[in-house]
Every structure is written in structure tokens, then in C-alpha cells.
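Trainee: I have a structure here, written as C-alpha cells, and I will follow up with some questions on it.
The values are calculated or read from the model by the stated rules, or taken from the named source; none is laboratory data. Remember, predicted model here, so these are calculated numbers, not experimental data. Quick reminder, even Gly has a Cβ in these numbers, built from the backbone with ideal geometry, and neighbours come from all protein chains shown.
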Amino acid sequence: MTRRDILWRGIGVALAVTACGVAAAMNGSALAMLVFPIALLGLTLMINGKRVVVVLRAERHGHGHTAEAIHVVRLRRSRRRVDPPCS
């Protein structure tokens, strides 16, 4: 694991712990649900580390569907080779 990955995982731990602490301090208030997404983000960062940031950056720049587009093209190519020509 790289230092950068450890840093992102540490940020995830800090977010999750802080959000859970705030929710516990609110004593079951409905406002505790406002920090729930922050806790989920922290949990995601704890598990995936820097990959979350890389995926978000790719999604923001329009590269999120690149793998799907490549897969569709490959499927089309393989179907053309397998299907006999209609005569």
C-alpha cells in the first residue's frame, strides 16, 4: 500500500468516526440522518482508499463509461466474425 492510499484510508476513518460521533451526540435526533452520507463516504474511503478518488476524477472528466464502450465494440466485432453472412 502506498502512502497516498494510506492517507486516503486515514481520511475515511476520520470521516466515519467523526460522523458517528456527531450522530451519537445528537441522541437519536432526526438530524443525525444528515451525517449518514458522510459516514458512508468515510466507510467507502476506508475500504477502497485512493481508488475512490481516481474513479470520481475519471467520472468527472467523462471517462466513466470508457470500459463499457470498449466492451460493446469488442462484442460487435466478435459477432461479425462468428455470424455467417446472409446470402
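Trainee: Output the qualifying pairs, or none if there are none: Cβ atoms under 9 angstrom, residues six or more apart or on different chains, first residue in the range 41-70 and within 19 Å of ILE6 (Cβ to Cβ), second residue part of a loop (DSSP other than H, G, I, E, B) and among the β-branched types (Val, Ile, Thr).
Mentor: Taking only residues 6 or more apart or on different chains, the pairs are GLY49/THR2; LYS50/THR2.
Trainee: Any idea how many residues of the range 24-59 are hydroxyl-bearing (Ser, Thr, Tyr) and either surrounded by 13 or more Cβ atoms within 10 Å (Cβ to Cβ) or part of a helix (DSSP H, G or I) (or both)?
Mentor: Within the range 24-59, the first condition is being hydroxyl-bearing (Ser, Thr, Tyr), and the residues that meet it are 29, 44.
Narrowing the set further to residues that are either surrounded by 13 or more Cβ atoms within 10 Å (Cβ to Cβ) or part of a helix (DSSP H, G or I) (or both) leaves 44.
So the count comes out to 1.
Trainee: Take the range 60-71 and flag every residue that is exposed (fewer than 11 other Cβ atoms within 10 Å of the Cβ) and either among the hydrophobic types (A, V, I, L, M, F, W, C) or not in a helix (DSSP H, G or I) (or both).
Mentor: Passing the criteria: HIS61, GLY62, ALA67, ALA69, ILE70.
Trainee: With respect to the numbered conditions (1) surrounded by 13 or more Cβ atoms within 10 Å (Cβ to Cβ); (2) modelled with pLDDT of 90 or more; (3) of a type in the set (Gly, Ala, Ser), which one is the sole condition not fulfilled by GLY21?
Mentor: (1)
Trainee: Which members of the range 1-56 meet the condition of being of a type in the set (Phe, Trp, Tyr) and within 24 Å of ALA67 (Cβ to Cβ)?
Mentor: First, pick out the residues of the range 1-56 that are of a type in the set (Phe, Trp, Tyr): 8, 36.
Within the range 1-56, TRP8 is the sole residue that qualifies.
Trainee: Within the range 1-18, count every residue that is of a type in the set (D, E, K, R), loosely packed, with under 13 Cβ neighbours inside 10 Å and in contact (Cβ under 8 Å) with a residue 12 or more places away in the chain. I'd like the intermediate steps shown before the answer.
Mentor: Step one: filter the range 1-18 for residues of a type in the set (D, E, K, R), giving 3-5, 9.
Then keep just the ones that are loosely packed, with under 13 Cβ neighbours inside 10 Å; that gives 3-4.
Of the ones still in play, those that are also in contact (Cβ under 8 Å) with a residue 12 or more places away in the chain are 4.
Going through the range 1-18 one residue at a time, the tally reaches 1.
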